[in-house]
Amino acid sequence: MARMQQGLTGSCMASIKRLLIGGVAALAVNACYGPMAFAQQAGEFSETAAPQIITSVAVEGNQRIETATVLAYVAIQPGEPFSPERIDIALKTLFATGFFANVEFEQRGQTLVVKVTENPTVNQVLFEGNSAVTKDKLEKEVQIKPRSWFTQNRVQADIRRMQEVYRRSGKFAANIVPKIKVLPSNRVDLIFEINEGRTTGIRKVNFIGNQAFSDSRLKSVVVTQESEWWRFFSSKDNYDPDKLEYDREQLRKFYLNEGHYDFRVKSAVAELTPDQKDFFVTYAVEEGPKYTFGDITVNTKNSKLSGEVLRAFVPIRTGAMFERDLVEKAIESITFAAGSSGYAFVDVRPRETADRDNRKVNIVFDVDEGPRVYVERIDVIGNTATLDQVIRRELRLAEGDAFNRVLIDRSKNRVKALGFFKEVEIEEKPGSLPDRTVVEVKVEEQATGELAFSVGYASQEAYNFAVSISQRNLRGRGQFLRFRVETSSRTKNIDIRFTEPRFMGRNIAAGIDIFSVEQDYLREAGFLTNSTGFGVRGGFPLAEDRSLGLRYTYRNDTNEIPSVSCFNADGSPLLDASALCRSLGKTTTSLAGYSFNWDRRNDPRRPTRGFDISLSQDFAGVGTGVKYHRSEFNGGIYRGLFPGWRASATLSAGHIAGWDGDTIRVNDRFFKGGQSFRGFEIAGIGPRTVFSVRDADSTQPDGLSQTVRTVYGDALGGKTYGIASFELTVPTPLPESYGISAALFLDVGTLGGLDPIDKVKGDINYGTYQNTRDGLALRASAGLSVNWVSPFGPVRFDFSNPFMKQDYDKAETFRFSTATNF
């Protein structure tokens, strides 16, 4: 009678043995005995008249788990009486730890003995036979890890998780068998043998009940796609029941945005094909009639918030076709407008009333001011390289402030605009009190160092190459440092550029530049220039979305024109020399300028709403050197159209002019082409020297051929330019994880305007006539840009068709560029 197991019936004993494996033996003990029966069956534990006192507690069978640990879970101390209820609780507690395969309690005189059999520990988890699903993906699903406890329940749970992964991949026949390899010291290797089976595809997608839209149109709405041989990159043609539910929601959203207010999906059914290899998927829909927006009203209980004023922010027009997305946008607009007025805690609830007789939907937006909530704490999570203060100084909220959704959104955009993070999310968590909230800023670091290089292919000349290195987040402090040693077919550049975004701890950016640049434009423009100097910069915000930058630059320039003779034999200037000759020699530039920036984009990287504007002006001739004033403008408008579709229109323009009698040298003019004007080479558009050449011919009276050959010479640059670019980002059929995006573009622009003295005409030698072609004729090109976020950095391919150009322009049809991050 000393052992608890005595007196058990055969069926109860079998139940305990079976349940011991699952870790719930104590439940079996209770089921067989009950508390009183347990005491009676335990013999020595049931001395009700004079309960025996435990003098010591011993543990047997433990190998890796310390005795003190077991005793801590048992929680029975010497000096306590033998109690079946306490022992029952201890039994359940020990099994709940998952450490033990078996637990027994035994009374030896006045000693309570706890006999345990430890579960083995997992040495390693292996996968065999997996090819469709990677090892990394399976390891994320499996909860059993090396050095954790092995139990059959955990193994079966992991098998179910892995089968769910295979099911989502379209492999419903996947079979997973666990195997155990026993090792010394009560350790095991857990091996999952996987037979993936074939992928179950979609033979046909059918729609029943659709009249307003064709099957092909609805197939473009749902995620589930028919299996085709060319969809080897996609998993959308694999059958997954979860996708059917998602498709139902996608169809509902589509029809509600097309005015079908009564639309519903009656059923979504998948049937196995007779050969048991694929599925037929059928969606039965009920479209209903189209509705328009009826009366739109905004009601507010706050006397300081005018419903009529808020109605002006609602992007819904009475009589327009009903669109569900416009209702959501109206809620966002009202919330934003109220938040801008200082009421950040509003709750906007739309009440829709369908007038089915007139097929209208009347909407009342009820605006209630919610309870005020204050920021208790701000936590920054995920910044492994960037210091907390760099992120916190971009937040528009501080601890103790009233919570404001508008300021949260602005803070998120400001942190994104740093360019240090791949993802930025700001979430609110409950605080210690109902009117307190904890703001969590979750960031995911990305590479901020860049080793960049570019390669270009042109129709006239083959390739060019450039490389540079920079760090945008030096030591995690948000400082920018670039040490560039750039060499290419046209540039040799050494420069050091440093920017401190918070100079002296204030909201002022300051920086310094030291540079030495040698530019070879012999092929494009016939000149070499060498510039050495330094610059200092400063900038500060004018408002939340506007800033002003100031700068000063001092440099010495040397221009060389080796291919052209600019002087007579006696050293006097050649009157009919090249237009480049006026730029020959050494000059000094002392320049001061400013830049004004206004950024209203909703996202600094992938904007779908808003605009940005930049205006800069420079004044050269401060105290010494060449004299000119230069103005440049850059602006863009951005709009999201549909999921995956974004449109943008950008404009850049500039003008430079001399003052106090100075003209503009060639190295100060604007040169456009390459990435600044796709479809044309670098310096491919604008004024150019053109030669009319008559070759020698002894058969002619004057010794020259009657045929005139045109030779296009150097690009001269221009004083005025304007380039408009229209771009439409379109989705690709490839999975988003591939990081490939595409955009259609149209670039239209012009470059021209030389000083009259630089427009040289005349014979330069016998049979050769020189002329300067200039003007502001429009050029245009259209094409496709493909961007790929590759493992070694972003890659861009530009395919262009310059369909509007001048005969002296230099075009290119393909350009490739890339950058490697670190």
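Results, tabulated for the structure shown:
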{"read-out": "Members of the range 308-352 found to be β-branched (Val, Ile, Thr) and either out of contact with any strand residue (DSSP E or B) (no Cβ under 7 Å at 6 or more places or on another chain) or open to solvent by 80 Å² or more (accessible area, probe 1.4 Å) (or both), listed by number", "value": "VAL309"}
{"read-out": "Hits in the range 196-212 - residues which are modelled with pLDDT under 85, polar (S, T, N, Q) and surrounded by fewer than 18 Cβ atoms within 10 Å (Cβ to Cβ)", "value": "none"}
{"read-out": "Top-ranked residue of the range 241-271 - restricted to ones that are assigned to a loop (DSSP other than H, G, I, E, B) and open to solvent by less than 40 Å² (accessible area, probe 1.4 Å), ranked as nearest to ALA284 (Cα to Cα)", "value": "PHE263"}
{"read-out": "Per-region count, the range 454-483, residues of a type outside the set (Val, Ile, Thr), at pLDDT below 75, touching a strand residue (DSSP E or B) at 6+ places or on another chain (Cβ under 7 Å) and open to solvent by less than 70 Å² (accessible area, probe 1.4 Å)", "value": "6"}
{"read-out": "Hits in the range 61-88 (condition: touching a residue at least 24 places away in the same chain (Cβ under 8 Å), surrounded by fewer than 16 Cβ atoms within 10 Å (Cβ to Cβ) and not in a loop (DSSP other than H, G, I, E, B))", "value": "PRO81, GLU85"}
{"read-out": "Selection count, the range 272-296, where residues are surrounded by 19 or more Cβ atoms within 10 Å (Cβ to Cβ) and under 30 Å from ARG198 (Cβ atoms)", "value": "4"}
{"read-out": "Qualifying residue in the range 566-579 (condition: of a type in the set (A, V, I, L, M) and either at pLDDT 85 or above or at positive phi (or both))", "value": "no"}
{"read-out": "Given (1) open to solvent by less than 70 Å² (accessible area, probe 1.4 Å); (2) not in a strand (DSSP E or B), number of the condition LYS137 does not satisfy", "value": "(1)"}
{"read-out": "Count of residues meeting criterion [of a type in the set (Gly, Ala, Ser), open to solvent by 20 Å² or more (accessible area, probe 1.4 Å) and at positive phi] in the range 154-195", "value": "1"}
{"read-out": "Failed item in (1) over 24 Å from SER817 (Cα atoms); (2) among the charged types (D, E, K, R); (3) assigned to a loop (DSSP other than H, G, I, E, B), with LYS672 passing the rest", "value": "(1)"}
{"read-out": "Lone qualifier among VAL364, VAL346, VAL327 - being more than 31 Å from the chain's Cα centre (by Cα) and of a type in the set (A, V, I, L, M)", "value": "VAL364"}
{"read-out": "Close pairs from the range 301-321: first modelled with pLDDT of 90 or more, partner in a loop (DSSP other than H, G, I, E, B) and surrounded by 13 or more Cβ atoms within 10 Å (Cβ to Cβ), Cβ under 7 Å, at least 6 apart", "value": "MET321/GLY259; MET321/LYS290"}
{"read-out": "Residue among ASN362, ASN383 that alone is within 30 Å of ALA320 (Cβ to Cβ) and polar (S, T, N, Q)", "value": "ASN362"}
{"read-out": "Close pairs from the range 769-791: first in contact (Cβ under 8 Å) with a residue 40 or more places away in the chain and aromatic (Phe, Trp, Tyr), partner open to solvent by 10 Å² or more (accessible area, probe 1.4 Å) and part of a loop (DSSP other than H, G, I, E, B), Cβ under 9 Å, at least 6 apart", "value": "TYR769/ARG694; TYR769/VAL708; TYR769/LYS761; TRP788/GLY739"}
{"read-out": "Qualifying residues in the range 610-645 (those that are open to solvent by 70 Å² or more (accessible area, probe 1.4 Å) and under 25 Å from ASP325 (Cα atoms)) - the one modelled with the highest pLDDT", "value": "ILE637"}
{"read-out": "Answer residue from the range 384-416, given it is in a helix (DSSP H, G or I), open to solvent by less than 20 Å² (accessible area, probe 1.4 Å) and more than 16 Å from ARG477 (Cα to Cα) and is modelled with the lowest pLDDT among those", "value": "VAL406"}
{"read-out": "Which numbered condition THR121 fails, given (1) of a type in the set (S, T, N, Q); (2) in contact with a Phe, Trp or Tyr (Cβ under 7 Å, 6 or more places away or on another chain); (3) closer than 25 Å to LEU244 by Cα", "value": "(3)"}
{"read-out": "Residues being crowded, with 18+ Cβ neighbours inside 10 Å and either assigned to a loop (DSSP other than H, G, I, E, B) or at positive phi (or both) - total across the range 100-119", "value": "1"}
{"read-out": "Filter result (open to solvent by less than 50 Å² (accessible area, probe 1.4 Å), of a type outside the set (Val, Ile, Thr) and modelled with pLDDT under 90) within the range 582-609", "value": "SER583, GLY585, ASN602, ASP603, PRO604, PRO607"}
{"read-out": "Residue ranges of strands (runs of 3 or more DSSP E) in the range 704-822 with at least 2 members open to solvent by 80 Å² or more (accessible area, probe 1.4 Å) and at pLDDT below 90", "value": "709-715, 762-765, 779-790"}
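The values are calculated or read from the model by the stated rules, or taken from the named source; none is laboratory data. Every value quoted in this text rests on a predicted model; they were computed, and no experiment measured them. In this analysis, Cβ positions are derived from the backbone assuming ideal geometry, glycine residues included, and neighbour counts consider all displayed protein chains. Protein only, heavy atoms only, side chains kept; ligands, DNA and RNA dropped before computing areas. Shrake-Rupley method; radii C 1.70, N 1.55, O 1.52, S 1.80 Å.
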